[in-house]
Amino acid sequence: QAGGWIAIEDDALHGFRLLRWIRVPFSLYNAADGQTRPTCGDFDGDGRDEIVVGLGPYPSSGGWMPVFEDAASNFAFSNWIRAGWAAYNAANGETRPVAGQLDSDPREEILVGFGRYPAAGGWLQVRDDRAAGWALRSWARLDWNAYNRYNGGTWPTVGNVDGDPLDEVFLGEEAFPGRGGYIRVLDDPAHGFARLGWINVSWPLYQQYSGETRPAVIDVDGDG
């Protein structure tokens with residue numbers, strides 16, 4: 001029963017000192033798997049980030065994401081969000097959330113990727129902010145049928161790469177030996193997740209062996 005923990009550390013100015021530990025309030029999951037995949041975002045518009053935690057595979061009762069409050073509330077557990085995909089929750093149940101600005105209000109939304117689900121995978125889900133009760137907003141699917149049939153896991157991230165008010169979506173994939181190494185770039189939900197292009201890691205040996213991609217987006221050249 002050692003799993004389910006998240007360490008919260010201070011910023012670089014304070015030497016990344018440990019502030020506290022929080023734990024997923026799901027003892028059966030913590031004993032069975034215990035992986036945590038946190039994301040942070042201002043989901044209520046108060047200027048402070050809350051924490052949403054993705055969980056690893058938990059067949060038969062998966063699909064869950066716990067929400068923890070911000071530092072002003074001592075990171076107290078708030079509520080659960082569930083993926084709302086019964087067949088997947090029973091077969092795998094892994095969740096991979098990321099926070100992003102996906103609509104025109106000041107509160108951030110959640111984009112959820114999913115674990116391996118051959119034949120019926122390739123999906124991601126948009127959940128609205130706290131004020132909207134984390135309501136399901138939309139679904140999108142990776143347009144790569146061969147990969148979806150073989151594996152179907154999705155590793156999403158978001159970032160504003162065109163300068164409009166909303167974030168675009170970068171969709172990584174799990175292992176697809178011999179054919180992997182790609183990241184799909186999609187426009188924001190207001191533009192219907194329109195396909196903007198592919199990025200290839202251009203590393204043939206890695207692509208042959210695995211090809212898994214887990215993207216992140218940051219402004220490294222200072223152009224905004």
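The values are calculated or read from the model by the stated rules, or taken from the named source; none is laboratory data. None of these values were measured; they are calculated from a predicted model. Cβ atoms come from the backbone with ideal geometry, glycine included; neighbour counts cover every protein chain shown. Ligands, DNA and RNA are stripped out before the accessible areas are found, and what is left, the full protein with its side chains, is counted by its heavy atoms. Shrake-Rupley method; radii C 1.70, N 1.55, O 1.52, S 1.80 Å.
May I ask you to derive the relative contact order of the stretch 1-114, considering only C-alpha pairs under 8 Å and at least 6 residues apart, and to give it as an integer percent? Across the stretch 1-114, relative contact order equals 21 percent. The structure shown yields Cα extents along the principal axes in Å, and of the options (i) 46, 44, 36; (ii) 75, 47, 24; (iii) 51, 41, 30 that calculated value carries the label (i). Around the amide H of Asn92, modelled in the peptide plane, lie the amide H atoms of Ser60, all under 5 Å away and 5 or more residues distant in sequence or on another chain. The phi torsions of the stretch 39-51, fed into the Karplus equation with coefficients 6.51, -1.76 and 1.60 and a -60° offset, translate into couplings of 9, 10, x, 8, 8, 10, x, 8, x, 10, 7, 9, 10 Hz, rounded to whole numbers, with Gly and Pro shown as x.
What whole-number value in Å² describes the accessible area per residue of the stretch 86-224 for a 1.4 Å probe?
Details: 6420 Å² over 139 residues.
Spelled out: the 1.4 Å probe surface of the stretch 86-224, per residue, equals 46 Å².
Loop-resident trypsin sites (Lys or Arg not before Pro) (DSSP state other than H, G, I, E or B) in the stretch 162-224 with no more than 15 further Cβ atoms inside 10 Å of their Cβ: Arg179.
The simple spin-label model puts a point 7 Å past each Cα toward its Cβ; for Leu18 and Ala175 those points are separated by 3.2 nm. Amide H contacts of Ser138: Val126, each under 5 Å away and 5 or more positions distant or on a separate chain (H built 1.01 Å from N in the peptide plane; Pro and chain starts excluded). The overall shape of the stretch 24-92, judged from the alpha-carbon gyration tensor, is prolate: a/c is not under 1.5, and a/b is greater than b/c. Here the Karplus curve 6.51 cos²θ - 1.76 cosθ + 1.60, taken at θ = phi - 60°, turns the phi angles of the stretch 70-82 into couplings of 7, 4, 4, 9, 6, 6, 5, 4, 10, 6, 10, 10, 10 Hz, with x standing for Gly and Pro.
Give me the percent relative contact order of the chain, please, defined on Cα pairs under 8 angstrom at least 6 residues apart. Provide the component values of the computation, followed by the final result.
Values: 564 pairs, mean separation 26.4, N = 224.
About 12 percent, as a whole number.
Placing R0 at 22 angstrom, the Cβ-Cβ distance between Ala120 and Arg195 gives a FRET efficiency of 0.60 after rounding to 0.05. If you run the Gaussian network model on the chain, springs between alpha carbon atoms under 10 Å, then out of Leu111, Leu28, Leu102 the most flexible one is Leu28.
When nucleic acids and ligands are ignored and a 1.4 Å probe is applied, Trp80 ends up with an accessible area of around 80 Å².
Element breakdown for the stretch 181-224 at a 1.4 angstrom probe: carbon and sulfur atoms account for 55% of the accessible area.
The solvent-accessible area of His191, taken with every protein chain present and a 1.4 Å probe, is close to 110 Å². Positive end of the dipole of the chain (Cβ unit charges, origin at the Cα centre): among Gln207, Ala119, Thr157, the Cα lying farthest that way belongs to Ala119.
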